[in-house]
Amino acid sequence: MKRKLIAAVGVAGMMAGVAACGNGGDDKGKTDAGGAKEITVWVMDGSAPKAWIDEVNKEFAAKHPGVTVKVEVQAWKGIQEKVTTALSENTPPDVLELGNTQTAGYAVTGGLADLTKDKGGLGADAWPKSMLESAEYEGKLYSAPWYAANRVVVYDKKAFEKAGVTPPKTRDEWIAGLDKLKAADPNTQPIYLPGQSWYVLAGLVWDEGGELAVKDGGKWKGGLGTPQAASAMEFYKKLQSYSTAPKDKDEASPQQSTDVVPKGGVASWIGLGWEAGGAEKALKDAGKEADFGYFPIPGKTADKPGTVFLGGSNLAVAERSKNKELAKEWLALATGKDQMTKYAAEVKGSLLPNQAAANFTPAPGSFAEAMGKAGVNGRITPVTPGWANVETEPNPLKEFMTKVLKGEDPAKAGAEADKEIANRINK
Amino acid sequence: MTVHSQGAATAPQDAPHEPGGPKAPQPPQRPAGVPEAAPAPRGRRAALPSGWLPYLLVAPAVLSMAVLLLYPLAKNVILSFQKVDKIEFIQRKAPFHGVENYTQLLGDAQFWTVVLRSFLFTAANVAVIMVVGSLIGLLLNRLGKWMRLVLSMALVMAWAMPIVASVTVFQWLFDEQFGVMNWLMRTLGFSGYEQHNWFESGLSTLVIITVLVVWGSVPFVALNMYAGLTTVGGELYEAARMDGANGWQTFWQVVFPNLKPFFLVTTFLEVIWVFKAFTQVYAMNRGGPDRASETLPVFAFVEGQSQGHYALAAAISVLTIVMLVVVMSFYFRLILKQEEEQ
């Protein structure tokens, strides 16, 4: 009996030992096994078409035989926590995609490699200022701009035709059109707009001349308790009143493009290119035909479209990457003019590449065309490391919107949100 | 949790049998007749294997406890006295911060709101779980063979359902646009359920979470209750009937005193379990709306993981443990008192 037990314990101990050896071996193999190197690239869901990234990796492999590139697709939900954890580890992804509103937040942590010296190799001169701004922090470059995109109104051509509505140029026309749509078919939502689509609200706030947050002395403070934010929210509330979408959800839960629009009964909605594509595919899977038209979010006057949030992504190299030079080379290749031209073509212009020379001329009537028109008036969120803290859930902007939509005074809800924003943005 | 407690409950009963069993060739150590001659606990203890074997036997358990519980706990306590936010976390620094995290928490009105909410949530849940669980346990005892089997199967299935999966089901049941509950309320003729948002307020969200938690916990109580009831001899019921006791009296005079240890253990297990329930609360609505359904573990997670205040979250969890220990001290006092009485 005892002998058996001793044997068992011995076996168990050996197993543990073997497991430990296995681990050590694995680690070594991954980081440095002489010749068989590997770099890991994190891209976000919907960012990198497979055909394009395969092409990039093929070209990279031709230059660096023996180096494999592992591409891992990440979901936006909860990405901040995931990236933070990854950057603290010994073997982070070598190259990673970061939202343009979040880049500064990571730059300040020291988790990203300083790319200032590589500016020449990356072709930084070609990048537009609005994109470069989000990639820098305190005069140093921490990432390469990759693409930008903004939201437009996606509409069902048939529903608009039936109600006799044409794409509006001003807010008044827009509302008048929504009234007509409502009258034409009471069972259809003239527009699907959940209560927490804060990127849409951001544009409306900027239209009013307001800001999400401003720097006051050395410190940032929120801008939601202002009259400008209140009137922006008033218009949002008006728009939202045409929708039966939940007031306490954002556009991703339920996913408007694949969970809501394909069910029918939605005449228009505000979305990004990949969302429009996703909705088309989901409709097709359901045996229906998508017939979408697109127009920029109307401005207050007809001479210029509404201001939109210029979302986008940057590609950064992790400071703890074991293959920093290779990572930088991959980065330069992917964001260089050649590959960016192919990229823009692959996404049919629905994402703007990081340089004008790579632009793709969109087809008339396409999402990309409407996006290009709207993007002229694009802006980004405050460039400060603390902004990323504001965006993490529970997001005070979203709570503000829900409160006002439920009838709370915008000034009061705004002041509460500003307090929380100030609390987070200065950290 | 539940599996653990059952193992712990059965172990002491099995243990005394083992030493008598093995016929190992060790005559000098075990003078024949001693175990039989002294059935008292003292005599049995003498028959237990001595030397290093007992230590070896408990070593794996102790070791895994130390590695998986003690070490993280110690780390957590240390972390709660440091300053670790996102920047420190990535740069792997951990400067000493004194009791700053604790003073910040104790002076924060939001923290106290969450504490109060956690206690009320736990009390409500445990009360409903114990009442419903006991009733179903009694029902199980009364049912015929087949119906009992069906009900037990249903209970086990509810118990076996993975938490996140059941939360997802509940989310869809109570969905604002496509939910079955809204449809049901409309069909039953209630007005105002066209697009009723069940997650509109923190209270409403917590009520739905309570339904989920109760649904998930009742099987444990009901099945244990049934198991306990089988140990109550039929002659006791008969005697009660002879004395003219009704059902209510039978329960309080016969069943309850007999099953008092069961009620005690189960109640306190449920207190621990509900108080630290994280998955149900977080997955349902991420502590929302506007942080109004956050209980202590969710509060710690939101502050720690989402907001990146790792050290502050550690302080929250240390305070949570302290609170649980205070609550559980009542239980330990009861247990100790019982031991003394025996």
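Using the beta-carbon distance between A:GLU325 and A:GLU89 and R0 = 22 Å, what value does 1/(1 + (r/R0)^6) give for FRET efficiency, to the nearest 0.05? Let's see the in-between values first.
Working: r = 20 Å, r/R0 = 0.91.
Approximately 0.65, to the nearest 0.05.
Tell me which GluC sites (Glu not before Pro) from the stretch A:131-239 have a DSSP coil assignment and no more than 14 other beta carbons within 10 Å of their own. Walk me through the intermediate numbers first.
Working: sites: A:GLU133, A:GLU136, A:GLU138, A:GLU161, A:GLU173, A:GLU208, A:GLU211, A:GLU234; in loops: A:GLU138, A:GLU208, A:GLU211.
Taking the stretch A:131-239 and a limit of 14 other Cβ atoms within 10 Å, the loop GluC sites (Glu not before Pro) found are A:GLU138.
Working from Cα positions, state the angle (0 to 90°, nearest 10) between the long axis of helix A:79-88 and the longest principal axis of chain A.
The two axes meet at around 30 degrees.
With springs connecting C-alpha atoms under 10 Å apart, model chain A as a Gaussian network and identify which of A:ALA230, A:ALA75, A:ALA252 has the largest mean-square fluctuation.
A:ALA75
So, with +1 on the Cβ of K and R and -1 on the Cβ of D and E, and no other charges, what is the size of the charge dipole of the stretch B:98-341 about its Cα centre, to the nearest 20 debye? Can you show the working numbers first?
Numbers: 12 positive and 16 negative charges, 105 e Å.
Dipole about the Cα centre, nearest 20: 500 debye.
Filter A:LYS221/A:LYS412; A:LYS263/A:LYS373; A:LYS169/A:LYS304; A:LYS158/A:LYS182; A:LYS63/A:LYS324 down to the pairs with a C-alpha to C-alpha distance above 20 Å, please.
A:LYS263/A:LYS373
Select from A:GLY265, A:GLY365, A:GLY386 the residue whose mean-square fluctuation is largest in a Gaussian network model of chain A (Cα-Cα springs shorter than 10 Å).
Result: A:GLY365 has the largest fluctuation of those listed.
What list of ³J(HN,Hα) couplings, whole Hz, do you get for the stretch A:238-253 from phi and the Karplus terms 6.51, -1.76, 1.60, once you set θ to phi - 60° and write x for glycine and proline?
4, 4, 5, 5, 8, 10, 9, 5, x, 7, 10, 10, 9, 6, 9, 9
What's the magnitude of the charge dipole for chain A around its Cα centre, counting Lys and Arg as +1 and Asp and Glu as -1 at the beta-carbon? Answer in Debye, nearest 20. Intermediate results must be reported in sequence, preceding the final value.
Values: 53 positive and 54 negative charges, 135 e Å.
About 640 debye.
To make sure I understand, if each residue's beta carbon is the centre and we count other beta carbons within 10 Å, what order do A:THR392, A:THR68, A:THR341 fall in, fewest to most? Intermediate values should be presented prior to the final figure.
Working: A:THR392 19, A:THR68 13, A:THR341 16.
Fewest to most other Cβ atoms nearby, the residues stand as A:THR68, A:THR341, A:THR392.
Which Cα, out of A:SER197, A:ALA267, B:MET181, lies furthest along the positive dipole direction of the protein assembly as shown (beta carbon charges, K/R +1, D/E -1)?
B:MET181
Could you tell me which residue out of B:VAL114, B:ALA292, B:LEU324 lies farthest along the dipole of chain B toward its positive end? Charges go on the beta carbon: Lys and Arg +1, Asp and Glu -1, centred on the Cα centre.
B:LEU324
If you rank B:PHE262, B:PHE81 by fewest surrounding Cβ atoms within 10 Å, what's the result?
Details: B:PHE262 21, B:PHE81 18.
Fewest-to-most Cβ neighbours within 10 Å comes out as B:PHE81, B:PHE262.
Near the amide H of A:THR40, under 5 Å away, which other amide H atoms are found, from residues 5 or more places off or on another chain, if H is placed in the peptide plane?
Under 5 Å from the amide H of A:THR40 lie the amide H atoms of A:LYS70, A:ASP94, A:VAL95, each far enough along the sequence or on another chain.
With a Förster radius of 35 Å, plug the Cβ-Cβ distance of B:LEU56 and B:GLN342 into 1/(1 + (r/R0)^6) and report the FRET value to the nearest 0.05.
On the way: r = 31 Å, r/R0 = 0.89.
The value I calculate is 0.65.
Which of A:LEU96, B:LEU149 has the fewest other C-beta atoms within 10 Å, and how do the rest follow up to the most?
Numbers: A:LEU96 30, B:LEU149 11.
Taking fewest neighbouring Cβ atoms as first place, the list is B:LEU149, A:LEU96.
Taking the Cα-to-Cβ direction at A:ALA176 and at B:VAL207 and moving 7 Å from each Cα, how far apart do the two end points lie in nm?
4.6
Per-residue ellipticity at 222 nm for chain A, helices alone: DSSP H runs ≥ 4 residues times -39500 (n - 2.57), over residue total, nearest 500 deg cm²/dmol?
Details: 17 runs with 190 residues, N = 427.
Counting only the DSSP helices, I get -13500 deg cm²/dmol.
Taking each residue of A:333-341 in turn, how many C-beta atoms of other protein chains fall within 10 Å of its C-beta, and what is the average?
Details: counts 0, 0, 0, 0, 0, 0, 0, 0, 0.
Per residue, the number of nearby Cβ atoms from other chains is 0 on average.
How long is the stretch B:98-341 along each principal axis, judged by its Cα atoms, biggest number first, in Å?
64, 56, 28
Shielding of B:79-91 by partners, i.e. mean partner chain Cβ atoms within 10 Å per residue?
4
Given the options A:GLY177, A:GLY414, A:GLY378, state which has the largest fluctuation in a GNM of chain A using a 10 Å cut-off (strictly under) for Cα springs.
So, out of A:GLY177, A:GLY414, A:GLY378, the one fluctuating most is A:GLY177.
What is the helix-to-structure angle for A:337-346, meaning the angle in degrees between its Cα long axis and the longest Cα principal axis of chain A, kept from 0 to 90 and rounded to the nearest 10?
60
Quick one: dipole size for the protein assembly as shown, taken about the Cα centre, charges +1 on Lys/Arg Cβ and -1 on Asp/Glu Cβ, in debye to the nearest 20.
Numbers: 75 positive and 75 negative charges, 301 e Å.
For this selection, approximately 1440 debye.
Nearest 10 degrees, 0 to 90: what angle lies between the long axis of helix A:50-63 and the longest principal axis of chain A (Cα atoms)?
The helix A:50-63 is inclined about 40 degrees to chain A.
Scale the Cα Rg of the protein assembly as shown by the rule-of-thumb value 2.2 N^0.38 Å and send over the ratio, two decimals. Display every interim value, and only then the final one.
Details: Rg = 31.9 Å, N = 769, 2.2 N^0.38 = 27.5 Å.
For the protein assembly as shown, the normalised Cα radius of gyration comes out at 1.16.
How large is ³J(HN,Hα) for each residue in the stretch A:402-418, as worked out from phi by the Karplus curve 6.51 cos²θ - 1.76 cosθ + 1.60 (θ = phi - 60°), to whole Hz, x for Gly and Pro?
Values per residue, Gly and Pro as x: 4, 4, 5, 5, 8, x, 6, 5, x, 5, 5, 4, x, 5, 4, 5, 4 Hz.
Please identify which residues in the stretch A:392-427 have an amide N closer than 17 Å to a label point set 7 Å out from the Cα of A:ASP216, following the Cα→Cβ vector.
Residues A:411-427 qualify, since their backbone N sits under 17 Å from the label point.
Let me make sure I get this right: for the stretch B:51-169, a, b and c are the square roots of the gyration tensor eigenvalues over alpha carbons, sorted descending. Under 1.5 in a/c it's rounded, otherwise prolate if a/b > b/c, else oblate. Which is it? The partial results should precede the final answer.
Details: a/c = 2.73, a/b = 1.56, b/c = 1.75.
Judged from the Cα gyration tensor, the stretch B:51-169 comes out oblate (a/c at least 1.5, b/c at or above a/b).
Report, for the protein assembly as shown, the % of DSSP beta bridges that are antiparallel, rounded to 5. It would help to have the intermediate numbers written out before the result.
Numbers: 29 of 44 bridges.
So the antiparallel bridges in the protein assembly as shown amount to around 65 percent.
How crowded by other chains is A:95-108, given as the mean number of beta carbons from other chains within 10 Å of each beta carbon?
On the way: counts 0, 0, 0, 0, 0, 0, 0, 0, 0, 0, 3, 3, 0, 3.
Per-residue shielding by partner chains comes out at 1.
Determine by what factor the alpha-carbon radius of gyration of chain A differs from 2.2 N^0.38 Å, reporting the quotient.
Numbers: Rg = 24.3 Å, N = 427, 2.2 N^0.38 = 22.0 Å.
Against the compact-globule rule of thumb, the ratio is 1.11.
FYI, it's all coordinate maths here, none of it is from the lab. The structure displayed is predicted, hence computed values, not measured ones. All Cβ positions, even for glycine, are placed from backbone atoms using ideal geometry, and neighbour counts span all protein chains on display.
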